[in-house]
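Reading through the structure tokens given below for one structure.
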Amino acid sequence: MKESDRLEKIEKQLELMMLKVDIMYNKIVYNESILNKNTKSMFTNEFYNEAKKLVIKNGKASATLLQRRLGIGYARAAQLLDAMEDQGIIGEADGSNPRDVLVSK
């Protein structure tokens, strides 16, 4: 076997290996994103209905309100606010001001 043929064969094997690694990496990243999405929605839903009732009752929505009343941390409170904004229940953030509630009951 010629040296050039041998090198060509090695290059093809390396390309195949790199393709396999790329496929495996993409599967891992995809599965992690699905897991993160499901985990996020699971713990967001845990407090979502209670948080929704709370902001509608108070007429304003803020992370501080949710933190104090639900006994949760800032990150969870912020995710609940984002979820309620996505659902059209509260308005967009306006600096440090509480968000407006766009629905009643």
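Quick note: the coordinates plus some simple rules give every number you see, no bench work behind them. Bear in mind the structure is a predicted one, so any value in this text is a computation, not a measurement. Don't worry about glycine lacking a Cβ; one is built from the backbone with ideal geometry, like all the others, and counts go over all protein chains shown.
What the table below lists for this structure:
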{"quantity": "Residue identified as loosely packed, with under 14 Cβ neighbours inside 10 Å and among the hydrophobic types (A, V, I, L, M, F, W, C) among 63, 75, 93", "calculated": "75"}
{"quantity": "Subset of segment 56-105 (residues that are of a type in the set (A, V, I, L, M, F, W, C) and more than 20 Å from residue 46 (Cα to Cα))", "calculated": "93, 101, 102, 103"}
